[in-house]
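Each remark here refers to the structure printed beneath this line.
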Amino acid sequence: MESILQNLLEVAASPAKEVTDWKQMTGGKVVGWLPIYVPEEIIHAAGALPVSLWGGSTEIARADAHLQGFACSVVRAVLEYGLKGTYSMVDGFIFPSTCDHIQNTADIWAGLFPHRPKFDLVYPANRQSQAARGYLEHLFAGLVQWLEELTGQKVTEDKLRGSIRIYNQYRALIAELYSLRSRRPESLSGPEMGQIIKASFFLEKAEFNRRLSELLPWLEKRKVRPAPRVRLVVTGIMAEPVEVLAILDELGGAVVADDLALGARILRAPVKEELPPLAALADRHLRLGPCSTLYDCRKGRGAHLQQLVAEHAADGVLFLNMKFCELEEFDYPVLKAELEEAGIPLLFLEVEQQMSALGQVRTRLQAFLEVLEQGVVS
Ligand code: SF4
């Protein structure tokens, strides 16, 4: 079991090897998708390997010549990897209309790499509109067509149903892992938990499901650290750099639940298998939320965080703000007021994927944890 876990950690640390191996073994196409919501099931049904392109901790040398200094670190890293050839094994790219930063990057990408296949997944701005459901089905049908051309494989209804089943199993297994993290946080270190989730975005899902199914019973008995003195809910786009989670562990804290885009937000809401596949995927998108990247005038993110705190007996909330992510910054004042009213302690920490000096992060986390341990609500 230790070797399965180590392998998942290696996949998360250097996914290119795993993806290249898959491609050589199967002869299939690799489709990269940018944050946040992409119906991976359709890519899977086309016989391709969906891989997430969520940036990383690379030095930015070339991307700054194309992107403004206030572009977030995620898109800067994606462009940097593109320019230095890290994505050479990726056959097609999907850019969802998540935020201005990704939409701008999609345009720059088209100019820099005009011959690399790309699909713009332009979501409805208002999911409450009556037209949204039909529009989404039409959008996903366009994605099916693009993938059929890219892979040369027909995406049949049966294949879609099979992929939806595999992805629903994946979400159910991740839910079990999340439950374990809350019940027995001593089973896994913070970085291990984050890296298992990350590995799942590079492995073929049926294979990932097989590995996680084997791992879960073993993790139930594993103990790698003492029970945490402080239990936190983390919210934001992603818990990176992963060293932040290691610092939290060292300080005696633990994440017991999350509301991360690269985490619970994209992993909740199973697809309804009783509906026709594209209608079911559209329906799931309409049920997603609350999320900073999805318009909703009654978002209720503060209420959602309060619920997570109560369900997981957490002591406070950590808001990890990806620098220059204006969508998260728009949500923050509202959820801060909601959490203050509920008496739930909250820490705002700004992070960047390429950040190396974490001294200030450590100091602020330490102070927050000390306050929580003393039971003083700020
Ligand atoms: S971190 Fe925010 S701004 Fe950057 S890509 Fe994600 S949603 Fe967009």
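Read-outs throughout are calculated quantities, based only on the coordinates presented, and are distinct from any laboratory measurement. Here the structure is a predicted model, which means the values were calculated and not measured. Every residue, glycine as well, gets a Cβ built from its backbone with ideal geometry; the counts of neighbours run over all protein chains shown.
In sequence order, what are the phi-derived ³J(HN,Hα) couplings for region 70-79 according to the Karplus relation 6.51 cos²θ - 1.76 cosθ + 1.60 with θ = phi - 60°, rounded to whole Hz, with x for glycine and proline?
Values per residue, Gly and Pro as x: 9, 6, 5, 5, 5, 6, 5, 5, 4, 5 Hz.
In terms of modelled amide H atoms, which long-range or inter-chain residues lie less than 5 Å from the amide H of LEU53?
It is TRP33, LEU34, by chain and number.
How far is the Cα center of region 282-342 from the Cα center of region 82-128, in Å?
Cα centroid to Cα centroid, the span is 26 Å.
Over the chain, what is the relative contact order in whole percent, taking alpha-carbon pairs under 8 Å and six or more residues apart?
18 percent
Please give me, ordered by residue number, the chymotrypsin sites (Phe, Trp or Tyr not before Pro) of region 65-109 that lie in loop per DSSP and have at most 12 other Cβ atoms within 10 Å.
Qualifying residues, ordered by number: PHE70.
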